[in-house]
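Beneath this line is the structure, given in structure tokens, with notes to follow.
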Amino acid sequence: MEWSLTIDRAMPRPLRVVLRGVGQVFFCCNAVTGFIFLVALFIGGVTAGAAATVGVISSTVTAYLLGFSEDDVDAGLYGFNGTLVGPCLFLFLENSPQLWLYVVLASALSSIVLAALMRILGPYKIPASTSPFVLTSWMFLVAVYAFDSFSRGPVLPPAGTPAVVADAMAIPAEMWFTALTKGVAEVMFADSIIVGILFLTGIAIVSLRGALMAVGGTIIGVGFPILLGANQGMIEMGLYSFNPVLTMMAVGWVFLNPDGKSAALAVLAGFLTVICQAGLASFLAPIGLPTLTFPFVLVMWMFLFAAGKSKYWAEADA
């Protein structure tokens, strides 16, 4: 929407860059959308909002100080991984004063990892997306075993064999709205209906197609796991939805030509992301690590690399 772009351009550059970094979590290079996302995070929890703020500032400042591309910094591309790192570490680790330093260091590293991956993937026109967040968070989550000042939180899955699926059944009709909205909110680790609605609102300000892709992803993330007999509690919390949300947005809106063919491909990618997430969850269970957004990253990479061999998308700007 034009009014949001006008406000975006009128903001002071430092504020605009930071808010764009928050918005880029959902591929939205718009400070107004980023502001809505950040407000939503604070509504979901003050600590999560503060951690996201520290994360996005740390990763953005690091990119600026290291002299990375100013255009990329201005677009918020060095901010969104840090935005995710902060709430992630506070969710999976016990809160402590040292954890804030941990967030700053991890967010700074995410910018360095992003720059490295952009150099590697750049010739193939494949985005690094949230892979720096995933790799950095995994490193810092595993590193806590060596430090007495940190301890794993109760949310982090215990190391061991994959758990047997329990209470697999269709969720009640009245829970569908909760599951659908939380599926969008869980992209930034928020277990909140209001946060999910605000996220969708922020996306719709930038693109209605993007918002529709997000809705499609969360529908797949609820309906398909029900069909496969997944854990009801995980479905209701939106834990099967946030990866398909990002996958469908990436494939059906951002990185391929936004037409009917890419929309159909996005639906297929959404279904496969659910399978990929289940497989990665079992694979990572022995070391006690969460999948985070890696299922989205893997499926997106596969589809975008494959698109380069297709007559429909060979010339698409990935």
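Tabulated values for the structure
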read-out	value
Residue count for the stretch 24-47, restricted to those that are part of a helix (DSSP H, G or I) and either of a type outside the set (A, V, I, L, M, F, W, C) or open to solvent by 30 Å² or more (accessible area, probe 1.4 Å) (or both)	11
Residues of the stretch 246-263 that turn out to be under 18 Å from L292 (Cβ atoms), in contact with a Phe, Trp or Tyr (Cβ under 8 Å, 6 or more places away or on another chain) and of a type in the set (A, V, I, L, M), as a count	3
Residue in the stretch 287-309 that is closer than 15 Å to W138 by Cβ, modelled with pLDDT under 95 and open to solvent by 50 Å² or more (accessible area, probe 1.4 Å) present	yes
Tally of residues being open to solvent by 30 Å² or more (accessible area, probe 1.4 Å) and either aliphatic (A, V, I, L, M) or part of a helix (DSSP H, G or I) (or both) across the stretch 51-69	7
The stretch 195-243: number of residues that are among the aliphatic types (A, V, I, L, M), touching a residue at least 40 places away in the same chain (Cβ under 8 Å) and more than 18 Å from T273 (Cα to Cα)	5
Leading residue by the ranking (nearest to G153 (Cα to Cα)) among those in the stretch 267-313 that are free of Cβ contacts under 8 Å to residues at least 60 places away in the same chain and of a type in the set (S, T, N, Q)	T291
Residue within the stretch 126-140 that is among the polar types (S, T, N, Q) and at pLDDT below 95 present	no
Residue list for the stretch 70-126, filter: part of a loop (DSSP other than H, G, I, E, B) and buried (at least 22 other Cβ atoms within 10 Å of the Cβ)	G76, L77, Y78, G79
Among the candidates A230, A264, residue that is more than 18 Å from the chain's Cα centre (by Cα) and crowded, with 18+ Cβ neighbours inside 10 Å	A230
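The rows are residues; the columns are (1) crowded, with 17+ Cβ neighbours inside 10 Å; (2) closer than 30 Å to P286 by Cα; (3) at pLDDT 95 or above.
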{"site": "V165", "(1), (2), (3)": "no, yes, no"}
{"site": "A179", "(1), (2), (3)": "yes, yes, no"}
{"site": "T201", "(1), (2), (3)": "no, no, yes"}
{"site": "G210", "(1), (2), (3)": "yes, no, yes"}
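The values are calculated or read from the model by the stated rules, or taken from the named source; none is laboratory data. In this text the structure is predicted, and so the values were computed from the model without any measurement. Cβ: placed from backbone, ideal geometry, glycine included. Neighbour counts: every protein chain shown. For accessibility, only protein heavy atoms count, side chains too; no ligands or nucleic acids. Shrake-Rupley method; radii C 1.70, N 1.55, O 1.52, S 1.80 Å.
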